[in-house]
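Supplied in structure tokens, the structure appears directly below.
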Amino acid sequence: MDNKDEIICRCQEVTRGEIEAAIEDGATTVEGVKKRTRAGMGLCQGKTCQRLVMKIIAEKTGQKPADIVPPTFRPPVRPVRIGVMEEDADE
Amino acid sequence: MKQINTDIAIVGAGSAGLCAAIQAANTGAKVMVFDENHKAGGQLFKQIHKFFGSREHRAGTRGFLIGEQLLQEVENCGAEVHLNSVAYGIFDGNTLGIVEGEPHHETHYAVKAKKIILAGGAKENYMAFPGSTLPGVMGAGAAQTMINVNRVLPGEKIIMVGSGNVGLIVSYQLMQAGADVLAIVEGAPKIGGYGVHAGKIRRAGVPILVSHTILKAYGENEVEGAIIAQLDDHWNPIPGSEQDVKCDTICLAVGLNPMTELAYMAGCQMAFIPALGGHVPMHDEHMETTVPGVYVAGDITGVEEASTAMEEGNLAGLSAACALGYIDEAAAKEKEAAFLNRMAMLRSGEFGERRRTAKAEQVAAFHNYQKGIGVKDGE
């Protein structure tokens, strides 16, 4: 079955086909896939798709699951209203 | 930005975080707990079933009642519980960024703590297949929250994917809530969860289809049905075995994984242990990570059950308070022995053995890292 159109990252609507293309383009890490496709850059910050992206990378590149690590986590790890930060910056 | 100083800051007011708070605050330490939800108790309030274990583990008591007991104990112990409070980052290994309050009425502040305990829990694994983003496909945990906390039935004709304890228990509770569970679909050749839960499902007439998977969900605007198929010994669908099942809801109970973002951000070293849900923070016997002063407890350090999360929380809270001198070491040791003993019991038996071995591997990884020995890769 052709699963290329399956949506893997629903926040940014990135398909399996687009992630596979990113790997074919040279991505070997979650970070590499993220930078090429925006997978994991939406509201949930990869909480839903990251494991699937890791699995696709492992399958396509032959790396061991242990070696595929999440991308760098930066604040905020949860959605917060940007205005809250702004208000502080004005002080 | 306002900065608050405290002895111990705990992220997560679920089973692990609340127990950590109770242990620590009872020694006299100043404890602050932060949780993004509007109610404390984590997953306990959706658990209407009775817990396993012995009397010390409050076995035979329903999960939500354990939650009520913990809330009462927290209230009496003097820990400050901040709800609707998101810990959005961890800085310099000892400061949390917090946004507290309802949207548009939030306050933003920093909490500098002598010890931090991360107890943020786990999240549900997701599964992708054609149609998996249709409305009606959801995590089994989400369905459980809907029926048991919000009293909303997510659908009437349900397929459950996964026969671990979550899949079995949530299926039964969906039936109690009035839904029809058409089938439980399990990829592995045997049922994943406890026989006692599986037995209740089978007696209610629900088929548990092992060596089966879901190939796709279909429907115009929402789920109207699913195609399921049998798997061969290599987990490949057997052509011709496809069945079309009309349903309106597909629940995914395909495991959980630890919410390790804050641990990564703090700089905690991780070990890859599949039995615990993937990459998990290494910790010592006292739940302290490779970042001094940062502790972990509960599902963030390996997906288990509420009962083990409570014991890990007890251990982390006590250890942090002891490190700050709020309880003398001899008294702490005695309490710790009791927690460790109960934890060992929870990790015994056929189902506990795998987790016991995995947890031992995690602690060994911590000590190897401290000694500079390369961390053993998971297989």
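Could you pull out the pairs from B:Lys46/B:Lys115; B:Lys39/B:Lys371; B:Lys46/B:Lys246; A:Lys64/B:Lys371; A:Lys4/B:Lys246; B:Lys2/B:Lys50 whose alpha carbons sit more than 32 Å apart here?
Among B:Lys46/B:Lys115; B:Lys39/B:Lys371; B:Lys46/B:Lys246; A:Lys64/B:Lys371; A:Lys4/B:Lys246; B:Lys2/B:Lys50, the Cα-Cα distance tops 32 Å for B:Lys39/B:Lys371; B:Lys2/B:Lys50.
Out of every Cα-Cα pair in the protein assembly as shown, what percent are more than 29 Å apart?
Distances greater than 29 Å cover 50 percent of the Cα pairs.
Using Cα-Cα distances under 8 Å and only pairs 6 or more residues apart, what relative contact order does chain B have, in percent?
Contact order relative to length: 18 percent.
Here's a follow-up. Taking the Cα centre of each part, how many Å lie between segment B:125-155 and segment B:281-312?
Answer, in whole Å: 28.
Determine the principal axes of the Cα atoms in segment A:24-91, then give the extent along each, sorted from largest to smallest and rounded to whole angstroms.
51, 21, 16
Based on alpha-carbon atoms only, what is the radius of gyration of segment B:1-142 relative to the globular estimate 2.2 N^0.38 Å?
1.19
Can you tell me the order of B:109-116, B:297-304 when each peptide is scored by its average per-residue count of other Cβ atoms within 10 angstrom, highest first?
Going by the mean number of other Cβ atoms within 10 Å, highest first, we get B:297-304, B:109-116.
Moving on to the next point. Using the alpha-carbon centroid of each, what span in Å lies between segment A:1-77 and segment B:37-108?
32 Å
Grab the DSSP H runs of the protein assembly as shown that are 4 residues or longer, score each as -39,500 (n - 2.57), total them, divide by all residues and round the 222 nm result to the nearest 500 deg cm²/dmol.
-10500 deg cm²/dmol
Which whole number gives the average, over all residues in A:68-77, of C-beta atoms from other chains lying within 10 Å of the residue C-beta?
Average neighbour count from other chains, rounded to a whole number: 6.
Looking only at other chains, what is the average number of their beta-carbon atoms within 10 angstrom of each beta-carbon in A:78-86?
Whole-number average of other-chain Cβ neighbours for A:78-86 is 5.
Sort B:187-194, B:226-233, B:270-277 by packing, meaning the average of other beta carbons within 10 Å per residue, with the highest value first.
B:270-277, B:226-233, B:187-194
Still on this structure, please answer the following. Note down the Stokes-Einstein diffusion coefficient of chain B in µm²/s, whole number, using a Kirkwood radius over alpha carbon pairs, 25 °C, and 0.890 mPa s.
Approximately 113 µm²/s, per Stokes-Einstein.
Provide the packing ranking of B:287-293, A:25-31, i.e. peptides ordered by the mean count of other C-beta atoms within 10 Å per residue, highest first.
B:287-293, A:25-31
Taking each residue in B:121-134, count the Cβ atoms of any other chain within 10 Å of its Cβ, then average. What number comes out?
Mean shielding count: 4.
Given all pairs of different Cα atoms, what value in angstroms does the Kirkwood hydrodynamic radius of segment A:1-42 take?
After inverting the pairwise mean of 1/r, the radius is 10.0 Å.
Every number in this text was worked out from the coordinates using simple rules, so none of it is lab data. Quick caveat, the model's predicted, so the values are computed rather than measured. Note: ideal-geometry Cβ built from the backbone for every residue, glycine included; neighbour counts use all protein chains shown.
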